[in-house]
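Written out below as structure tokens is the structure these notes cover.
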Amino acid sequence: MRITGSIARPAAARIPWLTIGVWGALAILVLIAYMRAPQATTAVLTSTIRQSTPIILGALAGIMCERSGVINIGIEGMMLISAFLGFLFNVWTGDLFLATLGALLVGAAVGAFHALMSITLKVDQIIAGTVINILAIGTTGYFYQQGLTTRGKLTPVSIPFLADIPIIGPVFFSNPPITYASLILIVVVHVLLFRTAWGLRTRAVGEHPAAADTVGIAVNRVRYINVIIGGMLAGLAGAFLTLESVGSFERNMTNGRGFVSLAVMIFGKWTPFGAWGGSLLFGFANALQSQIQFLKNQLPSWLAWIGDLPPQFIGMLPYVLTIAVLAGFVGRARPPAAIGKVYEKE
Amino acid sequence: MSAGSEIVLEARNITKRFPGVVANENVSLKLYRGEVLALLGENGAGKTTLMNILYGLYHQDSGEVLIRGEPVRISGPSDSIRHGIGMVHQHFMLVPVFTVAENIILGAETRNGPFLDLNAARRQIRELSRQYNLDVDPDAYVKDLSVGQQQRVEIIKALYRKADILILDEPTAVLTPQETEELFTIIRSLTARGASVIFISHKLKEVLAIADRIMVLRRGRVVGETTPREATERSLAEMMVGRSVMMEVEKGEAHPGTPVLTLDRVTVLDDRGQRVVNEVSLEVHAGEILGIAGVQGNGQTELVEAITGLRPVHSGRVLINGRDVTNASPRRISETGCAHVPEDRQEDGLVLTYSVADNLVLNTYYTPPFARGIVRNDRAILNHASRLIERYDVRTPGPLTPVSALSGGNKQKVIIARELSREGRLLIAAQPTRGIDVGSIEFIHQRIVAERDQGAAVLLVSAELDEIMALSDRIAVMYHGKIVATLPAASATREELGLLMAGAQPTNVPHETIADGRATVKAQR
Ligand SMILES: Nc1ncnc2c1ncn2[C@@H]1O[C@H](COP(=O)(O)OP(=O)(O)OP(=O)(O)O)[C@@H](O)[C@H]1O
Ligand SMILES: [Mg+2]
């Protein structure tokens, strides 16, 4: 019998020196940039956090599903439907809190639908996710009417004193509610997965469902609950788009963010903090890209050539970066062993 | 030993059907406090099925289960665990990427509020380790453990749940003789404390050594009950199979011909990059069986993988019929006429979701008569399957049943049938009879000898010294990645081989011969 697994396990506890080194270097770079151009630097960093919020929420959704063994490529669709219905709730009730809650519930419902298809009806999980994506684009596009008016969007809340710290203050302590929530949820999901009994069971079900079954764990129930939680997280990402970021709905406004979330989840080896790193990278590339377009004419002379590039080219930056990083790292990631497989007993 | 008279577990008239087979028919069983009940039976007799019913993984069609005299409904493992039943499965149920402690507490976690309390878990595991002499490191990852250690984890898992009825399904199939001895010590200390054990094995010696009572199943029915005092290996074999079984292999003189497999200073690395096979040179000739003896984990597995193309050869050369096949693809090696019975049947030998028929042509499906151009010839494949199922006595509802539904031993027979039915000049068989019942072992051994007599070269790797001694013409002993000696089987003794396998220097051993004129007989480090 061969028992050795030659591939790295999903990282959980080791001290990530490499990661610490990279972030340390980045911090120094940020300081240098801040000394040379304080406003632009703060703007880029603030925008990095904003841009990364839906990505990390989507990635957390993916992590919950996939750690329990269910592939979810329907995150894009889950986000889009929740964004749309969250927006409509806002139009109808005028209450942003209720609208956010509504988006969460919609996410949970779509999650339950995905669980029903993948677990109970044993539809191929890739197909189930694709069904959700197609349904989302079709229905939101069909029901969307131009000219619906909204009543505002979620606005930044500054935390007293903390918000006054240079750089860190505006970047971390002067954000709207869903952005705060996403930062807290990274920690919550990490603790849930790696420090609680529920997390242990979730990971067992995703790695070796038969083993979980033989110790009395109801495999499919655990999967259902995790997929529904994942749906709620994707719903929150959707709420971010319409209720916090843009303030209104546009056709196909997720624009691939659900798929970027999945990429980031893999980049982060199915861990919340790893995925956060990936999200920040994507967010940063996005922020940089818009700053460049914005400050085209003020670039120092040795960077002036960037201003001459076609804007579409610079717009590619976040995606190219994501692909490059993924191509470089994904080879070493190991998905949960039982992912995508229906669990059957007899 | 004094088994009590209190019945802790009773099954009455259990019947269980699967599509096309009755796995258990009116099976009744009693288990007394403090005893070891051995369950014997051919492959597919229904042993695992019965145990899965007692553990709640399957549900009986009719019949009832009583625990300490009370009728109980076991609708899932959580019920059986609650009633004190623990089971170590034929294929272990451990999460490889979890630590020992995480595996043990899974489903019954030690907690501190909502959080896992791994320190409490470690304490309890250490306590159990000490109490029962089961040595494990709670923080080791299961994937890094040997099979014997994994089994200890499984036993602690049951004890942690306070099981006093322990089901062990073929626990010794993958253990070294020493590990088996350790397991028996553990079993005895458990029963001495009042636990009861159901023990399944195909090794009759073991059953006679450990059991208080022996129950025999055949084709889903109980055919008899006996005790080690009344029974012998021969009588047990007869009870199981329903006819007399020859326990020795009949074989005539070998007539070795030209070399078919030649290894020239082959070095192989394991998954961690360690040299597990170190400059091994040997030759297997047409018409002879070369057995490789050795304690598991001395490089035999990796050597076979390297020869068959499943693992890179780090340095050295592999020749088949004089042609260099070093690092050739498995298909090319297979096409030289090399048949391979892999050690890990689940992993390397079968596609579990495919039918028996498809698995039987897994390495020939693209050649005539199974293919005409690019089209499969289903009729030829089915005919072939029916023939082999009959010939090798594979117990399956039919050729189209998925292999995953077969019993452990019958899965193994599918592989044996596929590989032995090929027109091969070279047969590489790793643990060919692991998990196989005595009746079928007899047949498989006869077939391997027949292959030899037809001029095939056979390389046999087995953890069973008896098997090596019964089949081989020459025996090579592997220790720490090297062939430390090659002996003619006729003059080799158990003691001598045992010493060599334990790392004794060959110079201490009388009448040792040197393999192929250049075997490495160097002293060990
Ligand atoms: N999940 C299943 N689906 C269909 N048939 C099954 C299933 N499990 C077992 N069977 C059938 O039930 C019969 C008994 O199988 P079982 O695994 O109990 O045998 P066993 O006595 O444990 O044999 P072995 O010694 O080979 O392990 C076999 O014919 C097998 O094909
Ligand atoms: Mg069995």
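The values are calculated or read from the model by the stated rules, or taken from the named source; none is laboratory data. Remember, predicted model here, so these are calculated numbers, not experimental data. Because the Cβ atoms are built from the backbone with ideal geometry, glycine has one as well, and the counts that use them run over all protein chains shown. Only protein heavy atoms, including side chains, enter the accessible area calculation; ligands, DNA and RNA are left aside. Shrake-Rupley method; radii C 1.70, N 1.55, O 1.52, S 1.80 Å.
Going by Cα centres, segment A:132-158 and segment B:379-430 are how many Å apart?
That distance is 59 Å.
Just to check I understand the Karplus step: with θ = phi - 60° and J = 6.51 cos²θ - 1.76 cosθ + 1.60, what whole-Hz values come out for segment B:366-383, glycine and proline as x?
With coefficients 6.51, -1.76 and 1.60, one gets 9, 10, x, x, 7, 9, 10, x, 9, 9, 5, 9, 4, 5, 4, 5, 5, 4 Hz.
Could you rank the peptides B:439-446, B:232-239 by their average count of other C-beta atoms within 10 Å per residue, with the highest value first?
My ranking of the peptides, most packed first, is B:439-446, B:232-239.
Which of the lysines could a cross-linker bridge to B:Lys205, judged by Cα under 27 Å and excluding same-chain residues fewer than eight apart?
B:Lys30, B:Lys47, B:Lys251, B:Lys411, B:Lys413
Could you pull out every residue, at least 5 positions away or on a different chain, whose amide H is within less than 5 Å of the one on B:Val223? Hs are placed 1.01 Å off N in the peptide plane, and Pro or chain starts have none.
Amide H to amide H, under 5 Å and 5 or more residues apart or across chains, B:Val223 pairs with B:Val216, B:Leu217, B:Arg218.
Taking springs between alpha-carbon atoms closer than 10 angstrom, which of A:Val44, A:Val215, A:Val123 fluctuates most in the Gaussian network model of chain A?
Looking only at A:Val44, A:Val215, A:Val123, the largest GNM fluctuation is found for A:Val215.
How crowded by other chains is A:191-198, given as the mean number of beta carbons from other chains within 10 Å of each beta carbon?
Counting other chains' Cβ atoms within 10 Å and averaging over A:191-198 gives 4.
Per residue of B:75-85, count partner chain C-beta atoms within 10 Å of its C-beta, then hand back the mean as an integer.
2
With a 1.4 Å probe and all protein chains left in place, how much of the accessible area of segment B:259-501 comes from carbon and sulfur atoms, in whole percent? Let's see the in-between values first.
On the way: 4620 of 9050 Å².
The value for segment B:259-501 is 51 percent carbon and sulfur by accessible area.
For segment A:37-111, give the percent of accessible area contributed by carbon and sulfur heavy atoms, probe 1.4 Å, rounded to a whole number.
76 percent
Separation of segment B:35-63 and segment A:210-282 by C-alpha centroid, Å?
Here the two parts' Cα centres lie 43 Å apart.
Under a 5 Å amide H to amide H cut-off, with H placed in plane at 1.01 Å, what residues pair with B:Ala293 once short-range neighbours are removed?
Counting only residues 5 or more places away or on other chains, the set is B:Ala476, B:Val477, B:Met478.
Mind giving me the FRET efficiency for A:Leu148 and B:Arg17? R0 is 51 Å, r the Cβ-Cβ distance, nearest 0.05 is fine. All intermediate terms of the calculation are to be shown ahead of the outcome.
On the way: r = 61 Å, r/R0 = 1.20.
Working from the Cβ atoms, E equals 0.25.
Which percent, to the nearest 5, of DSSP beta bridges fully inside segment B:259-501 are antiparallel?
Antiparallel bridges: around 60 percent, rounded to the nearest 5.
What does DSSP give for segment B:7-241 in terms of the percent of beta bridges that are antiparallel, rounded to the nearest 5?
Given both bridge residues lie in segment B:7-241, the antiparallel proportion sits at roughly 55 percent.
Among the trypsin sites (Lys or Arg not before Pro) within segment B:126-170, which fall in a DSSP loop and have no more than 11 other Cβ atoms within 10 Å of their own Cβ?
B:Lys162
When the Karplus curve 6.51 cos²θ - 1.76 cosθ + 1.60 is applied with θ = phi - 60°, which whole-Hz ³J(HN,Hα) does each residue of segment B:306-313 get, with x for Gly and Pro?
5, 5, 8, x, 8, 8, x, 8
Pop a pseudo-label 7 angstrom from the Cα along the beta-carbon direction at both B:Asn327 and B:Asp137 and give the gap in nm to one decimal.
Label at B:Asn327, label at B:Asp137, 3.4 nm between them.
When DSSP assigns beta bridges and you keep just the ones with both residues in the protein assembly as shown, what percent turn out antiparallel, to the nearest 5?
DSSP beta bridges in the protein assembly as shown are roughly 60 percent antiparallel.
Search the structure for amide H atoms under 5 Å from the amide H of B:Asn24, placed 1.01 Å from N in the peptide plane, and list their residues when 5 or more places away or on another chain.
Amide H neighbours of B:Asn24, under 5 Å, 5+ apart: B:Lys16.
Can you give the Rg/Rh ratio of the protein assembly as shown, where Rg is from the C-alpha atoms and Rh is the Kirkwood radius?
Using only Cα positions, Rg/Rh for the protein assembly as shown is 1.04.
Quick check for you: with a 1.4 Å probe and neighbouring chains kept, what is the accessible area per residue of chain A, in Å²?
46 Å²
Relative to a virtual label point 7 Å from the Cα of B:Ser404 in the Cα→beta-carbon direction, which members of segment A:187-217 show backbone nitrogen distances below 18 Å?
Only A:205-214 pass the distance filter.
Summed for both chains, how many Å² of accessible area, to the nearest 100, are buried between A and B with a 1.4 Å probe?
Chains A and B together bury roughly 3100 Å² of accessible area.
Pop a pseudo-label 7 angstrom from the Cα along the beta-carbon direction at both B:Ser75 and A:Trp23 and give the gap in nm to one decimal.
For B:Ser75 paired with A:Trp23, the spin-label model returns 4.7 nm.
Could you tell me the distance between the Cα centroids of segment A:42-114 and segment B:136-207, to the nearest Å?
Between the Cα centre of segment A:42-114 and that of segment B:136-207, the gap is 48 Å.
Which FRET efficiency value, to the nearest 0.05, do you get for A:Tyr343 and A:Ser301 by plugging their Cβ-Cβ distance into 1/(1 + (r/R0)^6) with R0 = 56 Å?
0.35
Once you place label points 7 Å from the Cα toward the Cβ at B:Asp378 and B:Ser244, how far apart are they in nm?
Each label point lies 7 Å from its Cα, and together they span 4.7 nm.
What does the average come to when, for each residue of peptide A:211-223, you count the partner chain Cβ atoms lying within 10 Å of its Cβ?
Going residue by residue through A:211-223 and averaging, the value is 6.
Could you give me the ³J(HN,Hα) list for segment A:66-73, computed from phi with Karplus coefficients 6.51, -1.76, 1.60 and θ = phi - 60°, whole Hz, x at Gly and Pro?
Result, ordered by residue: 6, 4, 8, x, 10, 6, 10, 9 Hz.
For n ≥ 4 DSSP H runs only, could you compute -39500 (n - 2.57) per run for the protein assembly as shown, divide by its residues and tell me the 222 nm figure to the nearest 500?
Here the helix-only value at 222 nm equals -14000 deg cm²/dmol.
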